[in-house]
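**Student:** First, the structure itself, so that you have it in front of you.
Bear in mind these aren't lab numbers, they're just calculated from the coordinates by the rules spelled out. Model, not experiment: these values are computed from the prediction. Cβ coordinates were reconstructed from backbone atoms using ideal geometry, including for glycine residues, and neighbour counts include every protein chain displayed.
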Amino acid sequence: MDYNKFIQSKAIIDTPTGLKTIPELNPMLFDFQRDIVKWALKRGRACVWADCGMGKTPMQLEVAKHIPGNVLIVAPLAVADQTIRESHKFHIDDNFKVEYSGDGSVKGKLTITNYERIEKFNMADFNGIVLDESSILKSYSGKYRTYLIEETRNIPFRYAFTATPAPNDFMELGNHAEFVGAMSRTEMLSMFFVHDGGDTSKWRLKGHALTEFWKWVCSWAVMIRKPSDLGYDDGNFILPKLNIQQITVESDHATEGFLFAMEAQSLQERQQARKSTINERVQTCADMVNNSTEKWLIWCNLNSESEALKKAIPDSVEVKGSDKDEHKKKSLLGFANGDIRVLVSKPSIAGFGMNFQVCHNMAFVGLSDSYEQYYQAVRRCWRFGQKKPVNCKIIVSDLEGAVVKNIERKEHDAMLMAAEMVQNMHVMNEKEIHGITSDRNIYSAENNIIIPKWLRSEN
């Protein structure tokens, strides 16, 4: 083995395991979508992190269509029905019908189900699996995450599609890396990260490993926020304006243990502050929505907020966790179709995967500390394809300043991380996707070795 081959054998890469020859793809796909699908099919196991409205659904359907053997698509509740509709729109079902299954039965070439139903299936029945909105795994217990990683390990074709794998946390990339078999999360942390100070729960990317880390990520993932990120023309993929307005409701409730109302600092204090100001926040939102004839999407955080909003807004439809799946699907799809004027729900229930471009007004009557849920909730309406400016009202009490500050901090961190991801992945992804290469040499030794004179043979 010569030196070049020796060095290449030490490179940190994830070897492609996909198709050698790519069949003709759907002509309805945009150029960047078509090239990403080609790349993914050649990879065999890959992640596609495309922003909301970039066409993840048609891309994942086209990928699934060309995987040899039966394929299972896993999606959030109601998103499965939306995916089936997209299959009709893009004529994916001309040869292979996409059918829903909730009992573990294989419906044919393309079977789609919900995350809640995943354990009913025998993974040995499938040659490919596609996770739609794969970032939802963060919101699920470790049981679901472990099950998906362990039970799908022997499936040759594995794909994860999401708008963002981790809007403000590098370590969450490890869940996706482990799912596609690139490297376990533990291995990733030990190879590329170090503990940040004395806190063993916080990890920091090693400075000298920055370039190699992104090269490794780019061997199994592609990230795109807009087409120009990969060197394509943006065309109509331009987001409308997002108008965020914080509405602060004053409270005269004295904080427990104090003579006056005090701004919440701890988690327990924030929860107490939310509960003590429900009526004021709900009434502020109801006045706004009832005096409007436009559609509204209202997000809450507590069951009591949801119940109060339903009573205060007569033509609203409430979707809560205890509702039957049929009611949830009917309501979410009804709002997406424009049949429902006001939808009230939690981000954890309706904040993933749904396309609510029909609405451009939303209000947060309750905020949790999860930036992931906040981000996904906003992007249900503020996405590519939205024609109007999106108005986002955040209604909080004067006692909840810590929550808003926490979300603002996480949003800032998320923007920096997304920019860093795109910047580091741009050149590598652009070359990889445009070239549709099936392999990658992470390291290329271009300098000749100079042998010291004392080591040279005199003969």
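**Student:** Given H placed on each backbone N at 1.01 Å, which residues far from Trp296 in sequence or on other chains put an amide H within less than 5 Å of it?
**Tutor:** When sequence neighbours closer than 5 places are left aside, the close amide H contacts are Val342, Leu343.
**Student:** Among the listed pairs Lys311/Lys388; Lys310/Lys346; Lys56/Lys393; Lys226/Lys387; Lys346/Lys393, give every one whose C-alpha distance is greater than 19 Å.
**Tutor:** Lys311/Lys388; Lys56/Lys393, as the Cα separations exceed 19 Å there.
**Student:** Between Thr293 and His412, what is 0.36 nm times their sequence separation minus the Cα-Cα distance? Round to one decimal in nm.
**Tutor:** 39.5 nm
**Student:** Continuing with this model, one more query. Between Phe364, Pro314, Pro389, whose Cα lies farthest towards the positive end of the dipole of the range 242-399 when Lys and Arg beta carbons carry +1 and Asp and Glu beta carbons carry -1, centred on the Cα centre?
**Tutor:** About the Cα centre, the residue reaching furthest to the positive side is Pro389.
**Student:** Straight-line reach from Lys202: which lysines have a Cα under 16 Å away, not including same-chain ones fewer than 8 places off?
**Tutor:** Counting by Cα, and skipping residues close in sequence, Lys202 has these lysines nearby: Lys410.
**Student:** When all C-alpha to C-alpha distances in the range 242-399 are sorted into bins of 10 Å, what percent of pairs does each bin hold, rounded to whole numbers?
**Tutor:** Once binned at 10 Å, the Cα pair distances of the range 242-399 give 11, 41, 34, 12, 2, 0.
**Student:** A follow-up question, please. With label points built 7 Å along Cα→Cβ from the Cα atoms of Glu119 and Leu302, find their separation and express it in nm.
**Tutor:** Roughly 3.1 nm, to one decimal.
**Student:** Just to verify a number: FRET efficiency for Arg145 and Thr21, C-beta to C-beta distance, R0 = 45 Å, to 0.05? It would help to have the intermediate numbers written out before the result.
**Tutor:** Numbers: r = 34 Å, r/R0 = 0.76.
Once rounded, the FRET efficiency stands at 0.85.
**Student:** Give the peptides 127-134, 101-108 in descending order of average Cβ contacts within 10 Å, highest first.
**Tutor:** My ranking of the peptides, most packed first, is 127-134, 101-108.
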